Structure formats: C-alpha cells, structure tokens
Amino acid sequence: MTLESQIRAPSATPVDDAVLPFDVSALDVRGRLTKMGPALDDILTKHDYPAPVGKLLGEAIVLTTLLGSTLKFEGRFILQTQTDGPVSLIVVDFQAPDRLRAYARFDASRLEAGQDSAALLGHGHLAMTIDQGADMSRYQGLVALEGGNLEDAAHEYFLRSEQIPTRVRLAVGEEFRGGDGPKHRWRGGGMLMQFLPKAPERARQADLHPGDAPEGAVTHAVPEDDAWAESRALFGTIEDVELIDPDLSGERLLFRLFHERGVRVFPVQAIHAQCSCSREAVAGMLGSFTPQDRADMVENGKVVVTCEFCSSVYEFTPDEAGVVPVTEQRAAES
C-alpha cells in the first residue's frame, strides 16, 4: 500500500463515545481526541447533578477517558479528587479497554451562581492510579489542586511526573433540542497532545523551580522546539463548541487543525458507560463487615445498599445479609 493510497478526505460522520488516536509526524506530535455523548449523559443524568457539578464531573470523565484509554492491558485507571471545595470528592473509574463509571460528592449549600470548575474544586489533591490487577503493583501519581481547574492539574502532572511536553483541552456542555425525544443532553469532548520527537533532547524542558532559590536567582530556561511551539499554537485555537458539536466529526476537527502538516488517524476505541456493581459483589462487600455492623444496617426488616456510581439499589433480607439474630449472637458471646 502506497502513501498516496492511504490519503483520504476526513470522515464527515461524527462518532460519539469513542477515542480517536492521531499522529502528526511532521511535528513529532501524537495525541487522542474524544467526543462523548450518550455515555456521558447516562452517567450524569443518573444522579441529576446541578449543572455546575455535572459539568465538572463531565470534565473529569473526559480527562479520564483520554488517559485511561492508553492502557495496553486489562487494568483500571482511576482519577480521584479530594478537596475543600463545594465538590469535595470526584471518582472516575475506567476499566480497560472500554468501561467507564463515575460519581461526585458535593455540598449543595455551598454552591453559588457563577462558580467555575476551579472554584468548585478548591484546594486539595488529584490522584491518578493505575491498577494492573491483584498480582501486580499499583502506580499512583499525586498533583496538588491549588485553585486551578482539571486542565491545569493535568498539565502539572505531566510536567512533574511524565516530563513529556503535553497539552490537554476539556469541554463539557448541555445540549437543548426541540421536537420529540429528550430535550436535554450532556455532551463532552477533549483532546490530549504530546511532543514525542525521536531525539529526546528536543523534548527537554526547563528544570522545576527549586522553591528555596534566593530572590533574583536566574532560573533555568530551555528554548522551546519550533515544532512544539507550532503545535501548541494550533492546539490553542480549539474552541469548546468544536469539541462538543454533535455534527462535527473528530476527523474533520483534526483536519482543521493540522491539514497543512498532514495528520494520520487510527481506528477508534469505543467507550461505554457500564458499572461493575452486581448483587453478588454487594453481598461480598456486606460479608466484610462485622456481625454488629450488619445488624445496624437493618431498617424496616431489610438491608438496602445503593451503588454510588450508578444508583442501582440492592435489597437483602437479614438472612441474605448474614445478620445473626440477637439470641444467637448472645449465645455465641457467652
């Protein structure tokens, strides 16, 4: 197959809930683009989050999708934030190759009009965990959240942990439509781009600030590679509406950005909103509690457990939950 036979017009057909890997060899740039529709909407509407909280959790879902879809094994990528902001906890769980679930914990009394993602997060930390399975070690990277948004945190993570020149864009919005069918849907999109030249010295970055340098000290600086400077300039032209537009395909968006340099795309990776909870898993979880704890869970003659991710409700009789009758418990204790 010749190079000419691989060149084609970008597909005009949008593909939702998928990750599109791409490569711009002329600029030594590789990346991933995602456009999310039904899967994102399914996760967010299950909890009926207030719009600002839904938008923030949606951004976390898009970011996790871009990062988790790079796993080459059947493990998990987990993004979690713990902060002092109105949204105190976010958990997004990506189970390779394509399963996604998420939830957020927030204080409704602290939500105010006009709060952006940074204000909702506040200060705390973001953890990114790669779980390779029971027999393998886990890898975790931590990033401080100091009043910035998730894009800022992602840039800081790659600067300090991966040391790969990286840019990330995230966009989430609400789509309102007339006519029949749903009137409101969540949509999201994102793009991750990295500079990966064959000569590693071209990707070298300035040293991190030591923190204790005397005032006026000369900081280390490295000239930015021309190819990366051009890539960042093109990347900076992306508009939110382009990332969430249901009628603009990912291929056409990439063509808009890089058509002068030439961009190559690879097969898409589909993404699904699917929780891993089950009645059997919940029963196993109940078995890990002490008999007294299980007894305290009984209300109105049953034990009810609600999955925080998908809001599924599981009901158990005291016998099914392994609750020991009081008379038997006292006899065992004596």
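The values are calculated or read from the model by the stated rules, or taken from the named source; none is laboratory data. Everything numeric in this text was worked out from a predicted model, so none of it was measured. Neighbour counts run over all protein chains shown; Cβ positions are idealised from the backbone, glycine included.
Among residues of the stretch 271-289 that are of a type in the set (Phe, Trp, Tyr), those with a Cβ under 8 angstrom from a residue that is part of a loop (DSSP other than H, G, I, E, B) and surrounded by 15 or more Cβ atoms within 10 Å (Cβ to Cβ), sequence gap 6+ or separate chain, pair up as Phe289/Met297.
The residues listed here are Leu63, Leu111, Leu79, Leu89; of these, the one that is over 18 Å from Phe266 (Cα atoms) and in contact with a Pro (Cβ under 7 Å, 6 or more places away or on another chain) is Leu111. Which of the residues belonging to the stretch 127-153 are modelled with pLDDT of 90 or more and outside any strand (DSSP E or B)? Matches in the stretch 127-153: Gly147, Gly148, Asn149, Leu150, Glu151, Asp152, Ala153. Within the bounds of the stretch 45-65, is there any residue that is modelled with pLDDT of 95 or more, surrounded by 18 or more Cβ atoms within 10 Å (Cβ to Cβ), in the same structural domain as Ala102 (by TED's automatic domain parsing) and assigned to a strand (DSSP E or B)? Looking for residues that are modelled with pLDDT of 95 or more, surrounded by 18 or more Cβ atoms within 10 Å (Cβ to Cβ), in the same structural domain as Ala102 (by TED's automatic domain parsing) and assigned to a strand (DSSP E or B), one finds none in the stretch 45-65, hence no. Scanning the stretch 305-334 for residues that are surrounded by 13 or more Cβ atoms within 10 Å (Cβ to Cβ), modelled with pLDDT of 90 or more and of a type in the set (A, V, I, L, M) yields one hit, Val305. Look at (1) closer than 24 Å to Val241 by Cβ; (2) at pLDDT 95 or above and you find that Val87 fails only one, number (1). For Arg110, the requirement of being at pLDDT 90 or above, over 11 Å from the mean Cα position of the chain (by Cα), under 19 Å from Arg32 (Cβ atoms) and of a type in the set (D, E, K, R) is not met. All conditions in (1) surrounded by fewer than 16 Cβ atoms within 10 Å (Cβ to Cβ); (2) modelled with pLDDT of 95 or more; (3) of a type in the set (Val, Ile, Thr) hold for Val19, with the sole exception of (1).
Checked against the criterion of being basic (Lys, Arg) and modelled with pLDDT of 95 or more, the stretch 245-258 contains one or more residues that satisfy it. Only one entry of Glu201, Glu175 meets the criterion of being in the same structural domain as Ala60 (by TED's automatic domain parsing), at pLDDT 70 or above, not in a strand (DSSP E or B) and not small (Gly, Ala, Ser), and that entry is Glu201.
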